[in-house]
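The values are calculated or read from the model by the stated rules, or taken from the named source; none is laboratory data. If you're wondering where the values come from, they're calculated on a predicted model, not measured in any experiment. Virtual Cβ from ideal backbone geometry, glycine too; neighbours counted across all protein chains shown.
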Amino acid sequence: MRIPCPICGTRDRREFYYKGAASMLDRPAPDAGAAVWDAYLHLRDNPAGRTRDLWHHEAGCGAWLVVERDTVTHEVFGAKTLEQFHAD
Amino acid sequence: MRFSGWRIFREGLTGNKGWGPHWRDPAPKSEYDIVIIGGGGHGLSTAYYLAKEHGLTNVAVLEKGYLGGGNVGRNTTIVRANYFLPGNSEFYSHSLKLWEGLEADLNYNVMHSQRGLINLFHSDGQRDAFVRRGNAMINQGDDAILLDRDGVRKHLPYLDFDNTRFPIYGGLLHPRGGTARHDAVAWGYARGADRRGVDLIQNCEVTGIDIQNGRVTGVQTTRGAIRAKKVGIVVAGRSGQVAAMAGMRLPIESHILQAFVSEGLKPCIDHVVSFGMGHFYISQSDKGGLVFGGDLDFYASYAARGNLPMTEHVMEAAMTLMPMIGKARVLRSWGGIMDMTPDGSPIIDKTGVDGLYLDCGWCYGGFKAVPGSGFAFAHLIAQDRPHDSAARYRLDRFRTGVGLMDEEGTGAQHNLH
């Protein structure tokens, strides 16, 4: 699997550290309550198909990326920096 | 049909023409007391113990493919009870005891081989951790022997003892650990459940779960609707999707774990050996193939195949630990889909829906748990309360933070397991 880093270009998967589903970006308010925080921290959609997850370009530019890919085929559709992702 | 020495002798003299199918192939009935979704090792053992321990035989196991065609037919077959934390410790201890009586219980040769398992350690800190683990195992009533470097050399002379980066300080030997023939485990449980009246229904995919007023009433399948008073979900790797049919989200990400088999060789590895520093473990199958693997690929995937980086990592670890393996050719590899929970431990619990039960989250260690998981899940479904051995496998432990079982000590977080 190769990931197209918007800053460095397409690189081997081994340069990246996988963090998990991109839902981690939707951080609840501190006082949102235990159920909301449980859902944020632990519960996952876990889709078989298209998904967005977070990767850290650890051995490259150090950027955090939102990568869109297919969990069944391993096809990678694209990657955005957090700035690009939030700008959309 | 029962297996016996006499029967094998007679069949041998008469051309082996008397052997029949090991289980029936029934059409689904319109209603059962209990429906188990998933005909893998855990689902089949659940059905077996529902019938044997609780006398519940109006039971169907629904399998979307063929029995034992999932992870139970594709794993590294290791059986052990070397867990440390309360919750896991008593569960795997109980499961190992069931393993030890399994062949007599099932009248089926599952080739359970207690060849001994050795976890190597490579530093003073690791040795201390293994001493502690060994004591926990002994306190639980299981066995553990601390080996020093010479002790390991006696058992495993083929390792690279001159490695300066990962020097072998010793190992923790678990003599009752070993392997079993994974397919035979599924077949033995299937036959045992079938003989007690359980319907094993293959090529029957569940497409919906029927819920009325907060209570489960049945399932929709590719072979029609089936009503049921109770439904158990045991679908490792697909737990997220099946639970979603009941409106639930689970604390699970599905990841790929790869494993490899070499060509058949003469016997050379007598034990199960694990190399913690390089994330590598190996044993030799009874057919002679070296069976080995390493870490997860470490990202969510349903591809049922791995990627090259982890393959290379495993091969490098293998060559580091035992250079002789470089002479063996890899015959095949596969990637199994694992339910990964944030703390790396499983879940056997009721859900928020009455009559709907969940057995999932076995991470990369489901095979050794097959007897214990089925036993505990059958108890939960039949009695509506957890079996003592699995009382801590609660679904809400992540929300409450109480009873987390982070066996690796890496933190209760999805991407760390």
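Out of everything in the stretch A:16-27 that is hydrophobic (A, V, I, L, M, F, W, C) and either within 12 Å of chain B (Cβ to nearest Cβ) or touching an Asp or Glu at 6+ places or on another chain (Cβ under 9 Å) (or both), what residue ends up being surrounded by the fewest Cβ atoms within 10 Å (Cβ to Cβ)? Before you say what the answer is, go through the steps one by one.
So the first thing to find is which residues in the stretch A:16-27 are hydrophobic (A, V, I, L, M, F, W, C), and the list is A:16, A:21-22, A:24-25.
With the extra rule that they be either within 12 Å of chain B (Cβ to nearest Cβ) or touching an Asp or Glu at 6+ places or on another chain (Cβ under 9 Å) (or both), the set shrinks to A:16, A:21-22, A:24.
Values: A:Phe16: 23, A:Ala21: 20, A:Ala22: 19, A:Met24: 15.
Taking the candidates together, the pick is A:Met24.
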Note down all Cβ pairs under 9 Å where the first residue falls in the stretch B:1-30 and is in contact (Cβ under 8 Å) with a residue 40 or more places away in the chain and loosely packed, with under 10 Cβ neighbours inside 10 Å, the second is of a type in the set (Lys, Arg) and part of a loop (DSSP other than H, G, I, E, B), and they're at least six residues apart or on different chains. B:Ala27/B:Arg223
Take the conditions of a type in the set (Ser, Thr, Tyr) and more than 12 Å from chain B (Cβ to nearest Cβ) and apply them to A:Thr51. Does it pass? no
If I filter the stretch B:237-246 for residues that are modelled with pLDDT of 95 or more and closer than 18 Å to B:Arg115 by Cα, do I get at least one hit? no
Residues that are surrounded by 21 or more Cβ atoms within 10 Å (Cβ to Cβ) and either within 14 Å of another protein chain (Cβ to nearest Cβ) or over 21 Å from B:Ile37 (Cβ atoms) (or both), drawn from the stretch B:365-391: B:Lys368, B:Ser389
Quick one: is B:Ile211 surrounded by fewer than 24 Cβ atoms within 10 Å (Cβ to Cβ), touching a Phe, Trp or Tyr at 6+ places or on another chain (Cβ under 9 Å) and on the phi < 0 side of the Ramachandran plot? no
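Results for (1) in a loop (DSSP other than H, G, I, E, B); (2) within 14 Å of chain A (Cβ to nearest Cβ); (3) within 30 Å of B:Asn163 (Cα to Cα), shown as yes or no for each residue.
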residue: B:Val216; (1), (2), (3): no, no, no
residue: B:Ala225; (1), (2), (3): no, no, no
residue: B:Lys229; (1), (2), (3): no, no, no
residue: B:Ala243; (1), (2), (3): no, yes, no
residue: B:Met248; (1), (2), (3): yes, yes, no
residue: B:Val261; (1), (2), (3): no, no, yes
Any idea which of (1) within 14 Å of another protein chain (Cβ to nearest Cβ); (2) out of contact with any helix residue (DSSP H, G or I) (no Cβ under 9 Å at 6 or more places or on another chain); (3) in a strand (DSSP E or B); (4) surrounded by fewer than 18 Cβ atoms within 10 Å (Cβ to Cβ) is the one A:Arg69 doesn't satisfy? (4)
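Answer with yes or no whether A:Arg13 is in contact with a His (Cβ under 8 Å, 6 or more places away or on another chain) and either closer than 21 Å to B:Met310 by Cα or within 13 Å of chain B (Cβ to nearest Cβ) (or both).
On the way: in contact with a His (Cβ under 8 Å, 6 or more places away or on another chain): no; either closer than 21 Å to B:Met310 by Cα or within 13 Å of chain B (Cβ to nearest Cβ) (or both): yes.
Here the answer is no, as A:Arg13 does not meet what is asked.
Given the criterion of a type in the set (A, V, I, L, M), surrounded by 13 or more Cβ atoms within 10 Å (Cβ to Cβ) and more than 14 Å from the chain's Cα centre (by Cα), identify the matching residue among A:Ala63, A:Ala48, A:Ala34.
Numbers: A:Ala63 fails: more than 14 Å from the chain's Cα centre (by Cα); A:Ala34 fails: surrounded by 13 or more Cβ atoms within 10 Å (Cβ to Cβ).
Result of the check over A:Ala63, A:Ala48, A:Ala34: A:Ala48.
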When B:Ile256 is evaluated against the numbered criteria (1) more than 24 Å from A:Lys19 (Cβ to Cβ); (2) of a type in the set (A, V, I, L, M, F, W, C); (3) in contact with a Gly (Cβ under 6 Å, 6 or more places away or on another chain), which criterion, by number, is the only one it fails? (1)
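Residue-wise test of (1) without any contact (Cβ under 8 Å) to a residue 60 or more places away in the chain; (2) out of contact with any strand residue (DSSP E or B) (no Cβ under 7 Å at 6 or more places or on another chain); (3) polar (S, T, N, Q).
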| site | (1), (2), (3) |
| --- | --- |
| B:Met340 | no, no, no |
| B:Ile347 | no, no, no |
| B:Asp354 | no, no, no |
| B:Cys360 | no, no, no |
| B:Cys363 | yes, no, no |
| B:Ala369 | no, yes, no |
| B:Phe377 | no, no, no |
| B:Ser389 | no, yes, yes |
| B:Met405 | no, yes, no |
crowded, with 20+ Cβ neighbours inside 10 Å and either touching an Asp or Glu at 6+ places or on another chain (Cβ under 7 Å) or not hydrophobic (A, V, I, L, M, F, W, C) (or both), is that true of B:Thr351? no
Has the stretch B:263-284 got at least one residue that is within 14 Å of chain A (Cβ to nearest Cβ) and more than 22 Å from the chain's Cα centre (by Cα)? no
Does any residue of the stretch B:311-329 turn out to be hydrophobic (A, V, I, L, M, F, W, C) and over 19 Å from B:Tyr158 (Cα atoms)? no
From B:Thr76, B:Thr164, residue being at pLDDT below 95 and among the hydroxyl-bearing types (Ser, Thr, Tyr): B:Thr164
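Could you pull out the residue among B:Arg223, B:Arg227, B:Arg305 that is surrounded by fewer than 19 Cβ atoms within 10 Å (Cβ to Cβ), at pLDDT below 95 and either within 23 Å of the chain's Cα centre (by Cα) or not hydroxyl-bearing (Ser, Thr, Tyr) (or both)?
Values: B:Arg223 fails: at pLDDT below 95; B:Arg227 fails: at pLDDT below 95.
Being surrounded by fewer than 19 Cβ atoms within 10 Å (Cβ to Cβ), at pLDDT below 95 and either within 23 Å of the chain's Cα centre (by Cα) or not hydroxyl-bearing (Ser, Thr, Tyr) (or both) holds for just one of B:Arg223, B:Arg227, B:Arg305, which is B:Arg305.
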Within the stretch B:315-338, track down each residue that is under 24 Å from the mean Cα position of the chain (by Cα) and away from chain A (no Cβ under 14 Å). B:Met315, B:Ala317, B:Ala318, B:Val330, B:Leu331, B:Arg332, B:Ser333, B:Trp334, B:Gly336
A:Arg13: passes all of (1) surrounded by fewer than 16 Cβ atoms within 10 Å (Cβ to Cβ); (2) without any contact (Cβ under 8 Å) to a residue 24 or more places away in the chain but (1)
